[in-house]
Amino acid sequence: MKYNPQKIEKKWQKKWEEEKTYQVDLDKVKKPYYNLMMFPYPSAEGLHVGNMYAFVHSDVYGRFMGLQGYNVFEPIGLDGFGIHSENYAIKIKEHIKDVSSRTEKNFYKQLHMIGNAYDWTKTVETYKPNYYKWTQWLFLKMYEKGLAYRKKSSVNWCTSCKTVLSNEQVISGKCERCEAQVEKKDMEQWFWRITNYAEKLLKNLDWIDWSEDVKTIQKNWIGKSEGALVKFKIKNLEYILEVFTTRPDTLFGCTYMVVCPEHELLSKFQSKIKNYSEIEKYIKKSKIKSDIDRTDLNKDKTGVEVKGLIVINPVNNKEIPLYVADYVLSGYGTGAIMAVPAHDERDMEFAKKFDLDIIKVLKTDEECFVGESISINSGFLNNLETKKAKIEIIKWLGKKKLGKGTVNYRLRDWCVSRQRYWGPPIPMIECKDCGWVPVPEKDLPVLLPDMSDFLPDGSGKGPLNKIKEFVNTTCPKCGSPAKRETDVSDPFVDSSWYYLRYLSTESNNQALDKKRLKKWMPVDMYIGGKEHSVLHLLYSRFVTMVLHQLGYVPEEEPFKKFRAHGLLISEGAKISKSKSNIVNPDKYINQYGADAVRMYLMFLGDMRQGGDWRDSGIEGMYRFMVRIYKLIDKVDDKKPDDQLIRLLHQTIKGVQNDLMRLKYNTAIAKLMILANKIQELGCNKEILNKFAVILYPFAPHIAEEIWEVLGNKKSIFKEKWPKYDKKLIQEKTWELIIQIDGKVRDKIEVKKNISEEEAKKITLSQDKVKKWLGNKKPKKIIYIKNRLINLVV
RNA sequence: GCCGUGGUGGCGGAACUGGUAUACGCGCAUGACUUAAAAUCAUGUGAGAGCAAUCUCAUGUGGGUUCGACUCCCACCCGCGGCACCA
């Protein structure tokens, strides 16, 4: 029989569909296992091989858990709303709605081809009203809880996408989607108060079972700093200048103060500032500067003294000067700092340039020392270690009502409004008399109206603003004329809760099916890319925490276990159009079959490290599939070889361990070794049956086919993972490695578990050993049972 | 600069808690089959020396700990990812 993957795969995919093999009755099953993968955003180019790489890793795990007796729920959907899809439609000059329905078909076709165990009856598409109705519902819940609010602030503006972005969507100064430079702009926007959850988001990282690197990225992003808030009086003014510092112990060394150009103090006391025109010029200049210029570390520090305003250091009542400088950021802390040049590099640089006092308050020989030491020149803090000094000064500040110990986070609130078309309209209405009023839940969804000209215009308002019938409405509260919000929400809002909706797709009158969520949440295993560490993965945790408090989700954390996969590259380089190393999965699936492509992708290396796709490699894997298929012809009724039985059981154990550790590459290597042995020796039905079962997670179609040819009636998925026999795995003999001074000099086959005495005797009687020893006697003999013996001369 | 992660044959990569470095695959070479080629099968394949048995050297670099180090410790170099004047 010839291996025909195209035929086999079509046959089995049809059968799985007809027999509802992977459909899960979410209410009835006994052992729920929620196996999640990151639903793709459907680009028009089609499913990317990188998607397939991630999805197959996830599917292999899901199928393995199925064989362990779990009822595995493996859903899929499309994250189709968003700038990425919209930008593509604009590029090819088609309407996003048309592009969307086309890519949906194409994506689902491709997702069928890869042979995953999806439950196709519970898909979600974020751009359909029956989904985004509930995304809008989520916004209303946030608003009810006081977690959605409007604020005017300096926000990230992408000049190319013509919309604001969240902090998380600015990647080293550039737009996450189009890589254009991002500017700062003062605008009023909708925010979600993720910062309320900063501590919880950080703390739970201690116990959730996630890839460590992703946890570290989130931890750094949240950026907790412990320190103190210190209040500085300004001479002859009723104003308290507050600063945040992580080093209150160095307060005696504070010789000047700096505020950011945006600080309220400057405009408030214009009349008191003697050189205000100079200050004004500096403020204007720093506004024009792009973010890149402003954060360039190599550039010189600039600033202007604020003449006329004198600050008083509360700890010693010394009068110190005040400066405005753009090295102090408005968004962090209080937008003002106490400068301690002797113990902060930036302050030192600034102090030298402006010839300001530098006072050492820590024991050190270094000119600028930023570490911990013992306080000096610090009054009552003298001779205290930094840790102790911090505690003492915070106590002192508290007593005098001049400050307190406090915590500061780098994390900012999530800006969720977007001035674009292809998203869920934010369900809010502005009334002259009532202010902002939420759309009543019964009026959801606020349908996204059809419009031919959906291009963003950069006016700061979304394209929906152009449709009068959409904008003009009545206030739900008082009935007078009012206007709708015309921004749509961030596509990351859509994906922050999709894993909850999978469990609730049949409910048309509620967002979430609480009973099911209780049964299925949290997600048991989530495999995905770490590029979402501070985007989707952070937002989802936040949203779940809120929904947990509202009583919808049983636990605070959405994903019990998360494992990040590395990047798939091709021919040694990042996959990109310009490098013309694009890998089209369809082409390879059509040529070699999905099983071969799956196996090859899983064989590339350690999942965490990513992989390097080489065209030459897939051929080898195809050859292996052909050989596997031919094993059917090797089946006979002879009593199988002992050696083969031992190898079978070793393989079952090894593959099982590798699957649990997500080391698929070594699992496949073990399958190859077994297959090669079967090819050499032949085997009986029972052995090949077991081989088919352990092959099944990786190559489900060929495994089912072999399984059927061997006379089995039900799908392998109803089968259990085979048990290995511990006794059969044991080898009777082992190879004793003889080392002399740590170098291998000989190897002999000996019985298992021989004693040290026996081993010594055997070793010393070897001719080679005698030759190496000469007339010397070993000083020391180290014997490691069932491994080696080392003679130290 | 800080945080994380990696560096092993011609290539992708193995090596669980310190115990045979290079599993498995690709590629290459030789042979079998064939008129020939492809496919398939068999054998070999880290480098160097040697007719050979065998020996020496090799896991980014330099040190160290140990009977023994890809694995542990110290210093440094390079790649990748994140953050970046965060007070």
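Here are a few things to note about the model shown:
- The long axis of helix A:386-399 is offset from the longest Cα principal axis of chain A by roughly 40 degrees.
- Contact order relative to length of chain A, as percent, for alpha carbon pairs under 8 angstrom and 6 or more apart: 14
- Principal-axis tilt of helix A:5-18 within chain A, Cα atoms, nearest 10 degrees: 70
- With θ taken as phi - 60° and the Karplus curve 6.51 cos²θ - 1.76 cosθ + 1.60 applied, the whole-hertz 3J(HN,Hα) list for segment A:497-507 is 9, 4, 5, 7, 6, 3, 7, 10, 5, 7, 7 Hz, x standing for glycine and proline.
- Å³ per residue enclosed by the Cα convex hull of segment A:454-579: 198
- When the convex hull of its Cα atoms is projected in every direction, mean area for segment A:217-361 (nm²): 9.1
- Gyration tensor over alpha-carbon atoms, segment A:568-628, equivalent ellipsoid semi-axes in Å: 20, 14, 9
- Shown here: segment A:624-747, whose C-alpha atoms stretch 59, 35, 28 Å along the first, second and third principal axes, sorted largest to smallest.
- Residue pairs exceeding 26 angstrom between C-alpha atoms, taken from A:LYS2/A:LYS713; A:LYS15/A:LYS519; A:LYS20/A:LYS634; A:LYS174/A:LYS461; A:LYS93/A:LYS133: A:LYS15/A:LYS519; A:LYS20/A:LYS634; A:LYS93/A:LYS133.
- Rg/Rh ratio calculated on Cα atoms of segment A:1-102 (Kirkwood radius): 1.07
- Here the Kirkwood formula puts the hydrodynamic radius of segment A:300-387 at 14.3 Å, using every distinct Cα pair.
- Distance between modelled label sites at A:PHE380 and A:LYS185, nm, 7 Å Cα→Cβ extension: 5.2
- Sites A:THR159 and A:LYS574, calculated FRET efficiency, Cβ-Cβ separation with R0 25 Å, nearest 0.05: 0.45
- Put the Cα centre of segment A:635-709 next to the Cα centre of segment A:1-58 and the gap is 22 Å.
- Solvent exposure of chain A as accessible area per residue, Å², 1.4 Å probe: 46
- Translational diffusion of segment A:603-673, µm² s⁻¹ [Kirkwood Rh, Cα pairs; Stokes-Einstein; 4 °C; 1.567 mPa s]: 92
- Simple label model, 7 Å out from Cα along Cβ direction - A:LYS30 to A:ASP725, nm: 2.8
- Over all projection directions, the Cα-based convex hull of chain A averages an area of 45.9 nm².
- Highest-first arrangement of A:558-564, A:411-417, A:764-770, where packing means the average Cβ count within 10 Å: A:411-417, A:558-564, A:764-770
- Cut-off under 5 Å, modelled amide H: who pairs with A:ASP119 long-range: A:GLU74, A:ILE76
- In terms of the mean number of neighbouring beta-carbon atoms within 10 Å, the peptides A:572-579, A:85-92 order highest first as A:85-92, A:572-579.
- Reducing segment A:330-380 and segment A:726-749 to their Cα centroids gives an inter-centroid distance of 64 Å.
- Mean-position separation - Cα centroids, segment A:191-258 and segment A:489-533, in angstrom: 32
- Working ranking of peptides A:397-403, A:27-33, A:157-163 by packing, defined as the average number of other Cβ atoms within 10 Å per residue, highest first, is A:157-163, A:397-403, A:27-33.
- In degrees, nearest ten, helix A:685-695 long axis to first principal axis of chain A (Cα): 10
- Applying the Karplus relation 6.51 cos²θ - 1.76 cosθ + 1.60 with θ = phi - 60° to segment A:736-746 yields 3J(HN,Hα) values of 7, 8, 9, 10, 10, 6, x, 10, 5, 10, 6 Hz, where x marks Gly and Pro.
- Reduced Cα scattering model of segment A:535-583, Debye log10 I(q)/I(0), q = 0.14, 0.19, 0.20, 0.26 Å⁻¹: -0.56, -0.66, -0.69, -0.91
- Accessible surface of chain A [probe 1.4 Å, protein heavy atoms]: carbon and sulfur percent: 49
- Between amide H atoms placed 1.01 Å from N, distances below 5 Å from A:THR406 occur with A:GLY227, A:ALA228, A:LEU229, all of them 5 or more places distant or on a separate chain.
- Taken one residue at a time, the phi angles of segment A:536-541 give Karplus couplings (6.51, -1.76, 1.60, θ = phi - 60°) of 3, 5, 7, 4, 4, 5 Hz. Gly and Pro are set to x.
- The base-10 log of I(q)/I(0) for segment A:529-614, evaluated at q = 0.25 Å⁻¹, reads -1.19 [Debye formula, identical scatterers on Cα atoms, solvent excluded].
The values are calculated or read from the model by the stated rules, or taken from the named source; none is laboratory data. Because the structure is a prediction, the values reported are computed rather than measured. Note that each Cβ is placed from the backbone with ideal geometry, even for glycine, and that neighbours are counted across all protein chains shown. Just the protein is used for accessible areas: all its heavy atoms, side chains included, with ligands, DNA and RNA removed. Shrake-Rupley method; radii C 1.70, N 1.55, O 1.52, S 1.80 Å.
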